[in-house]
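The next block holds one structure in the form of structure tokens; read it before the comments.
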Amino acid sequence: MTAFSLEPEQTAWCEELRTFAVRELRPLAEKGEPGRVNRPLLAALGELGLLGRMLGSGALDLCLLRESLARGCTEAETALALQGLGTTPVVQAGTPAQRERWLPEVRAGRAGAGRAVAAFALSEPGAGSDAAALSLAAEHTTDGWRLTGEKCWISNAPEADFAVVFARTTPGAGSRGITAFLVPSDRPGLTGSALDMLSPHPIGTLEFGGVPVTADDVLGEPDRGFRVAMNTLNLFRPSVGAFAVGMARAALDATLDHTAHRTAFGGPLSELQAVSHQVAEMATRTEAARLLVYAAAAAYDAGESGVPRRAAMAKLYATETAQYVVDAAVQLHGARALRRGHLLEHLYREVRAPRIYEGASEVQRTIIAKELYANAAQRPDASPVPPPSAP
């Protein structure tokens, strides 16, 4: 097992980042328009070096970034995470020319000329959780391919300056017939529209009307794009858990302050056993989720076996825990937490989406169970699986 614990310097840096997010990044976030890319906020993340740190970090450092930002400003966390999701395939599988063109701009968070807002275009109207079933067609031409179809629930769409697009280059080949393309937003035939979501994230659709791409746009190898997608998701799934932990910790912080000072029935709420036990449960689950996230991230960085299972466990438990903690915090705050603009009203809308994106909770359970049964079957003392009965 990988040993994992934070050094005092890491803990201090996380607290400093959370404080900075509250004081400096939250005002920028509040000036932005919900559901739209906040380019000034991205520029600030670039100036702070956080975008560059994200792209050059391992999984544990990415988790610390996302947890700390989420605890102080969820919009800043989301802006950073969506940039990472759309750019990591370029870091991991891009050609030298692709990296040289886009990565410096992403790291800088530039909001003007040369800007580079990224999108990760995997999901489709008929292929969400079952990503290998995607149908966006890449038809061969003399110069490369033409992309025809639609992507849906895409981060930063339609405002992104480039998108990593996963398309089917070999029909009927399942996950083995998918290619990843880096597609700039100014390609002819590429359009899109924004979606009005419960969470104030920039999410939209992309429409491909015969968009031309060439071999220079391929990320990795033709027909091997599904691996590019899964490598990206294996890195980001624990960090989705870190985002959830950050929201849970923010809700817990608010609850501790509220219940310590709000009086009812002759004393502070914290003196009521029902309240104090609820807070203890919230804190225990949050800490368990936090440690599970760190363990998965440390295993990824160490190259240990079972990373998909550990990443799925971290994402599953942390996002489900955050939903519980935020809901409990709203209950303990009462009606004030439902008022538009309250921190918990904001978190209540934010916390629901992570249980779905980058693989819904049900998908994570499927991944976990599949690996568990596969590992059990390989044990020396495992019982042989009986053949199916004759009809």
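For the reader, a short list of remarks on this structure follows.
- Test for Tyr357: is it touching a strand residue (DSSP E or B) at 6+ places or on another chain (Cβ under 8 Å) and under 19 Å from Arg66 (Cβ atoms): yes
- Region 276-293, residues that are of a type in the set (A, V, I, L, M, F, W, C), buried (at least 21 other Cβ atoms within 10 Å of the Cβ) and closer than 14 Å to Met313 by Cα: Ala289, Leu292, Val293
- Just one of the listed residues (Asp257, Asp253, Asp196, Asp223) is more than 30 Å from Arg18 (Cα to Cα) and charged (D, E, K, R), and it is Asp223.
- Taking the numbered list (1) surrounded by fewer than 20 Cβ atoms within 10 Å (Cβ to Cβ); (2) farther than 30 Å from Arg39 by Cα; (3) touching a helix residue (DSSP H, G or I) at 6+ places or on another chain (Cβ under 8 Å) in turn, Asp130 passes all entries but (3).
- Residue satisfying condition, being at pLDDT below 95, in a helix (DSSP H, G or I) and outside the structural domain of Gly58 (by TED's automatic domain parsing), within set Ala382, Ala298, Ala329: Ala298
- Cross-chain or 6+ apart pairs with Cβ under 7 Å, region 119-144 first and in the same structural domain as Val165 (by TED's automatic domain parsing), then among the acidic types (Asp, Glu) and surrounded by 18 or more Cβ atoms within 10 Å (Cβ to Cβ): Leu134/Glu124; Ser135/Glu124; Leu136/Glu124
- Ser199 meets all of the listed conditions (1) of a type in the set (Ser, Thr, Tyr); (2) closer than 23 Å to Thr78 by Cβ; (3) at pLDDT 95 or above but one, namely (3).
- Among the conditions (1) among the polar types (S, T, N, Q); (2) surrounded by 20 or more Cβ atoms within 10 Å (Cβ to Cβ); (3) without any contact (Cβ under 8 Å) to a residue 60 or more places away in the chain, the only one that Thr232 does not satisfy is (3).
- When the residues of region 332-346 are filtered to those that are assigned to a helix (DSSP H, G or I) and in contact with an Asp or Glu (Cβ under 7 Å, 6 or more places away or on another chain), the one that is surrounded by the fewest Cβ atoms within 10 Å (Cβ to Cβ) is Leu338.
- Of all the criteria given as (1) buried (at least 21 other Cβ atoms within 10 Å of the Cβ); (2) more than 13 Å from Ala138 (Cα to Cα), the one not satisfied by Thr205 is (1).
- Screening region 37-94 for helices (runs of 4 or more DSSP H) wholly inside it with 1 or more residues that are in contact with a strand residue (DSSP E or B) (Cβ under 6 Å, 6 or more places away or on another chain) returns the ranges 74-93.
Conditions (1) touching a helix residue (DSSP H, G or I) at 6+ places or on another chain (Cβ under 8 Å); (2) surrounded by 15 or more Cβ atoms within 10 Å (Cβ to Cβ); (3) not in a loop (DSSP other than H, G, I, E, B), marked per residue:
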position: Asp143; (1), (2), (3): no, no, no
position: Gly149; (1), (2), (3): no, yes, yes
position: Trp153; (1), (2), (3): no, yes, yes
position: Ala160; (1), (2), (3): yes, yes, no
position: Phe166; (1), (2), (3): yes, yes, yes
position: Arg187; (1), (2), (3): no, yes, no
position: Pro200; (1), (2), (3): yes, yes, no
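- Thr191 vs. criteria of a type in the set (Val, Ile, Thr), modelled with pLDDT of 95 or more, surrounded by fewer than 22 Cβ atoms within 10 Å (Cβ to Cβ) and within 21 Å of Ala163 (Cα to Cα): yes
The values are calculated or read from the model by the stated rules, or taken from the named source; none is laboratory data. Just so you know, these numbers come straight off a predicted model, no measurement behind them. When we count neighbours, we look across all protein chains shown, and the Cβ atoms used for this are built from the backbone with ideal geometry, even at glycine.
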